[in-house]
1. Whole-Hz Karplus ³J(HN,Hα) for the range C:89-102, in order, using 6.51 cos²θ - 1.76 cosθ + 1.60 and θ = phi - 60°, x for Gly and Pro?
2. Mind checking the log10 I(q)/I(0) for the range B:102-144 at q = 0.14, 0.17 Å⁻¹? Debye, one equal scatterer per Cα, no solvent, two decimals.
3. What whole-number value in cubic angstrom gives the convex hull volume per residue for the C-alpha atoms of the range B:46-96?
4. Using a 10 Å cut-off around each Cβ, can you sort B:I140, A:I149, B:I128 from fewest to most neighbouring Cβ atoms?
5. What are the label-to-label distances in nm, one decimal and shortest first, from C:K103 to the same spot in the other copies, with labels 7 Å along Cα to Cβ?
6. Treating only the Cα positions of the range B:19-151 as identical point scatterers, give the base-10 log of I(q)/I(0) from the Debye formula at each q in 0.13, 0.14, 0.17, 0.21 Å⁻¹.
7. Sort B:D61, C:D120 so the one with the fewest other Cβ atoms within 10 Å of its own Cβ comes first.
8. Please identify the GluC sites (Glu not before Pro) of the range A:25-126 that satisfy two criteria: DSSP loop assignment and at most 16 other Cβ atoms within 10 Å. Which are they?
Amino acid sequence: MKNRFSLLFVLAGLLFIKPAFAQTAASEFKGAEATQAHYKALYYLDESDPKKIKQTLRNMDNALEDTRLKGKVEMELIAFADGVAVYDKTGPYEAELQKLLQKGVILAQCSNTVRERHIDKATLFSFISYVPSGNGEIIIRQADGWATIHP
Amino acid sequence: MKNRFSLLFVLAGLLFIKPAFAQTAASEFKGAEATQAHYKALYYLDESDPKKIKQTLRNMDNALEDTRLKGKVEMELIAFADGVAVYDKTGPYEAELQKLLQKGVILAQCSNTVRERHIDKATLFSFISYVPSGNGEIIIRQADGWATIHP
Amino acid sequence: MKNRFSLLFVLAGLLFIKPAFAQTAASEFKGAEATQAHYKALYYLDESDPKKIKQTLRNMDNALEDTRLKGKVEMELIAFADGVAVYDKTGPYEAELQKLLQKGVILAQCSNTVRERHIDKATLFSFISYVPSGNGEIIIRQADGWATIHP
């Protein structure tokens, strides 16, 4: 028991040394260190602005290729509200989506949005998945330790 | 001690089986599974765009009604900067706010915004609460395990 | 062992008492309580809109000065995509950035953005730091317990 407390004190000490160091050596800061074996990230998209959509897909690919994360990150894209545009068969995003899909990314769509907007699922790519609500997905994923990112 | 390590190995194994499965069966993916008894979600609103505000309130209600979360989620809305518009008595959001309030949602406003903009609290709905800063609220809530969502 | 389970039951009980109380006394709600000794927050900026940038820097300062967090929060700003504008030497943000820097904030820039846009680092403030990718930074920080905020 005593040993465990000692360890706790050492860990608590390290916690406070780290920020102090970061403050005095900001110019030497090289970004957060990846110390875990596995990362999880959920991107959420609720806009149809092509610039925003393209940036989101590029961001996801950049994170997958980040040397600190490569091969260690599980990823999902959840679209809701106007974000459904990313999965429109007539849209320009198929190549980027296929690229992400081949890297193991889950591509999910909010069923509420589809129902509320009377969208025919046949107009969306067949390789996507549906979840009850995009917002429920965000809440459950965060509770399960996923990072969530809103570009 | 040995048993604890065995359990750790089994849990670590499960961690790696799950993403692998998700990757090979994306088309059968039905969304994240709710495995916890209780969820917490903080929405933050910093814009006055009516479309954005309406979407935020609708998102919150959708999450409350998500079959995976219904009756299991504690929720708060924090408004700051231009987001204070959602609580303006002359605005069109009272019905939606009352609906959320009756479902147990905490409706909170950043005191910094009110002070910096010299807003008379009498112009805002009386059923809202005030917190020292909206950004402090986000940081503390996340540290306490709340999911945070920026629509 | 029995004592540990008793403690667990008490903690579980408190978990359910708190939201119930919050629901019946929303008007007396004073914001989340800071119960931890140390907080960590990462702000991410991916837009060049001056209003958005100014608001982000003001938000960060407001959180640093929140009485619940003052002296207890470690903070970082990560800029990527159009957000790089915040670090442009010809821009109007040097005073606010210096103020945050003196309060210990880490100011970081995504290297991918700089490379993809062929930005000369000499055009950016010399007191900033570079990370491999802004999105990788967000994912790693969240996994490490940092709150992340997207204004």
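Quick note: the coordinates plus some simple rules give every number you see, no bench work behind them. Keep in mind that what you see is a predicted model, and the values were worked out from it rather than measured. Neighbour counts are summed over all protein chains in view; Cβ atoms, including those assigned to glycine, are modelled from backbone coordinates with ideal geometry.
1. So the Karplus estimates, Gly and Pro as x, are 4, 8, x, x, 9, 4, 4, 5, 5, 4, 4, 5, 4, 5 Hz.
2. Taken in order of the listed q values, log10 I(q)/I(0) reads -0.37, -0.53.
3. Working: hull volume 3.9 nm³, N = 51.
About 77 Å³ per residue, rounded to a whole number.
4. By the 10 Å Cβ count, ascending, the order reads B:I128, A:I149, B:I140.
5. 3.5, 3.5
6. -0.58, -0.66, -0.90, -1.26
7. Values: B:D61 19, C:D120 7.
Ordered from fewest to most neighbouring Cβ atoms within 10 Å, B:D61, C:D120 come out as C:D120, B:D61.
8. Here the sparse-neighbourhood loop sites are A:E33.
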